[in-house]
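Peer 1: Below you'll find the structure I mean.
Read the figures in this text as sums done on the coordinates, not as results from a lab. Since we're looking at a predicted model, the values are computed, not measured. Positions of Cβ are generated from backbone atoms using ideal geometry, with glycine treated the same way; all protein chains shown enter the neighbour counts.
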Amino acid sequence: MGLLNRLASRLGFSPKAINTVGLEPAFGFLHEPAKHQTAQSLVYDLQEPFRWLCDVTTIEAFESGVLDLKDFYFMGDDYRYHIETDARKRFLELLMRRFNVGVRYKGKTWKWDTIILNKAQELARFLLRKSETIDFAEPAALERSDSLTVSSIHQSLNYQG
């Protein structure tokens with residue numbers, strides 16, 4: 001499981017939504033439990049459509065100086081990157097602010113935790129055959145313009161084939 005999955009799961013929106021609608025967090029569709037993660041495959045599956053929120057927040061964290069490469073370290077015993085405790089706290093605060101931003105959905109302004117709960121309810125209805133479709137494409141809201149820093153990084157990448 002990636003670092004972003006672990007950090008996003010700490011916010012608790014997906015586990016809370018899954019428990020609220022009565023789904024079993026261990027039975028997912030996309031993720032399989034590994035020895036280094038908990039048996040909450042459905043939690044990670046439900047986070048996946050909202051992963052872009054973590055990705056955008058990560059870019060913003062590096063652009064703003066909230067995170068820096070020195071905040072990460074590699075452990076040879078498990079071959080994964082880890083994040084310093086203070087950096088983790090700073091990032092989670094930034095991520096929480098991102099999830100608390102209102103977004104237009106179904107004619108109203110909702111916070112992302114409410115949308116995730118709504119999507120868990122849609123999934124439960126779909127699994128119980130009370131609905132024939134499920135839509136994880138909406139809402140897809142992103143309002144931002146990349147800074148020159150990100151643009152220059154993208155332009156400076158040298159792809160060699």
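Peer 1: Check His31: other-chain or 5+ apart residues with amide H under 5 Å from its amide H, H built from backbone geometry?
Peer 2: The answer is Asp45.
Peer 1: Related question: What's the local net charge at Leu128, with K and R +1, D and E -1, over the other residues with C-beta under 14 Å away?
Peer 2: Around Leu128, the surrounding residues sum to 0.
Peer 1: A further question follows. Under 24 Å Cα-Cα from Lys111, which lysines qualify once same-chain neighbours fewer than 8 residues away are excluded?
Peer 2: Straight-line reach from Lys111, under 24 Å: Lys16, Lys89, Lys119.
Peer 1: Would region 25-94 count as rounded, prolate or oblate if I go by the C-alpha gyration tensor, calling it rounded below 1.5 in a/c and otherwise prolate when a/b exceeds b/c, oblate otherwise?
Peer 2: Taking the square roots of the gyration eigenvalues as a ≥ b ≥ c, region 25-94 is oblate.
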